[in-house]
Each structure stands twice: as structure tokens, then as C-alpha cells.
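Beneath this line is the structure, given in C-alpha cells, with notes to follow.
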Amino acid sequence: MKSPEAQWVADSIKGDEQAFAELVRNYTAQIYNFAYRLCGNVQAAEDITQETFIKVWKNLKKYDSNQSFRAWIFTIARNTTTDHLRKKTSVPFSNLDYEDRSFDETIAADDEKAEEHFGKIESAEHFKILVEQLPPENITVLTLYYQNDLTFDEIGRVLGKSINTVKSQHLRALSRLRALMDDAPNKAL
């Protein structure tokens, strides 16, 4: 038996507008939040969300049902956001200053300790401000993993990177967040 999502996709491919409306309802908030996290602008996030679903509708027949639909739609959302940012501003998409350091220097503590550190943040707004200070590639990985519940494998497909690269980026992002939290542990932001 197909999952509701798989059935909506199959029916949408056949031209069923109600099924596509269900997909839109199911993913609108996730795509909007993802786009907003990357671009930081309400209007842009709304435009990106709308454009993402237009692209999904136009390209649904190209979707490979053997692959994760979540990964596919987030790939489209990421590409749409990237295109939007390139058109609107000259945001650097690569802050690779840490590439000169070894992996061990970059990741001082293990993943579990970094995640445990998140529990010390008292305010969701404080956390949001800290996350916004990260490079875009870190925000993307964290958003897809924690907010949108994609697996490392799915994130790899979205970003076009290997699972090991995604895991490394995840650890670097956690390390950077930890450093930001350590720099301002008691600041009221």
C-alpha cells in the first residue's frame, strides 16, 4: 500500500490537481521556513516558495519515484533560493576560511556533546540569532536536518554532496554554533 504522499505524487503526475494541492499543503510551511532561513526575507521566502511549487508542478513527470520526494522537493527549493539570492544580491555562498585547518581542529568535541550544548540555550530567539551568524552552507545543513527532518543521505542528494561531506558539514556547523554560544553565553540578544 502506498503512503498518502506517494499516492499524491502518483496522482499529481496524472494531472490530479487535488492531489497536487495536498502536496502543496503538506510542504508549504516546510519550504517557506527553509527559504526564509536561507534568505532572511519574508517576501523573498514567499516568492521562492511559490516558484518552488511551480517548478515542482512543471517537472513532476521527471521525478524518480524510487527516490525520496522530500529530497527532490528540497533540492528544487534550494536551487530556487540560490537562484533568487544570486539575482538579488552578491551573497558569498562559500566562507571557506576553515578549510585551512584540519578536521580535528575544526571539530573540537564530538557530535553528542555539541547537541547536548543546544539544551543550554534558553531562548528560541537567541538561538535564531546565533544560527543566522553561520555561513549559508551551515544554515542549510542544520535547517534540513533539524527543522525538516531530512536524513544525511537525503541532504546529500539535495546538496549534490556525499553523505560523508554532509556529516562533516553538520559537525562543522555544530562546532561553529558551539563557539558562538561560548562567546556569548549570557548575553541578552
Filter result (under 19 Å from GLN147 (Cα atoms), surrounded by 12 or more Cβ atoms within 10 Å (Cβ to Cβ) and free of Cβ contacts under 8 Å to residues at least 60 places away in the same chain) within the range 34-45: ALA35, TYR36, CYS39, ASN41, ALA45
Residue under evaluation SER68, criteria (1) over 17 Å from ILE139 (Cα atoms); (2) modelled with pLDDT under 85; (3) within 21 Å of the chain's Cα centre (by Cα), criterion not met: (2)
Within the range 13-42, tally of residues that are assigned to a helix (DSSP H, G or I), among the polar types (S, T, N, Q) and at pLDDT below 90: 0
Any pair with Cβ under 6 angstrom, 6 or more apart, that starts in the range 56-75 at a residue that is aromatic (Phe, Trp, Tyr) and ends at one that is not in a helix (DSSP H, G or I): TRP72/TYR63
Set ALA124, ALA114, ALA45: member being small (Gly, Ala, Ser) and at pLDDT 70 or above: ALA45
Near pairs, Cβ below 8 angstrom, 6+ apart or cross-chain, from the range 8-33 (within 15 Å of ASN59 (Cα to Cα)) to any residue that is among the β-branched types (Val, Ile, Thr): LEU23/VAL9; LEU23/VAL56
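This table checks each residue for (1) surrounded by 13 or more Cβ atoms within 10 Å (Cβ to Cβ); (2) of a type in the set (D, E, K, R).
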{"site": "LYS14", "(1), (2)": "no, yes"}
{"site": "ARG25", "(1), (2)": "no, yes"}
{"site": "ASP47", "(1), (2)": "yes, yes"}
{"site": "PHE69", "(1), (2)": "yes, no"}
{"site": "TRP72", "(1), (2)": "yes, no"}
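The values are calculated or read from the model by the stated rules, or taken from the named source; none is laboratory data. All of these numbers come straight from a predicted model, not from anything done at the bench. Every residue, glycine as well, gets a Cβ built from its backbone with ideal geometry; the counts of neighbours run over all protein chains shown.
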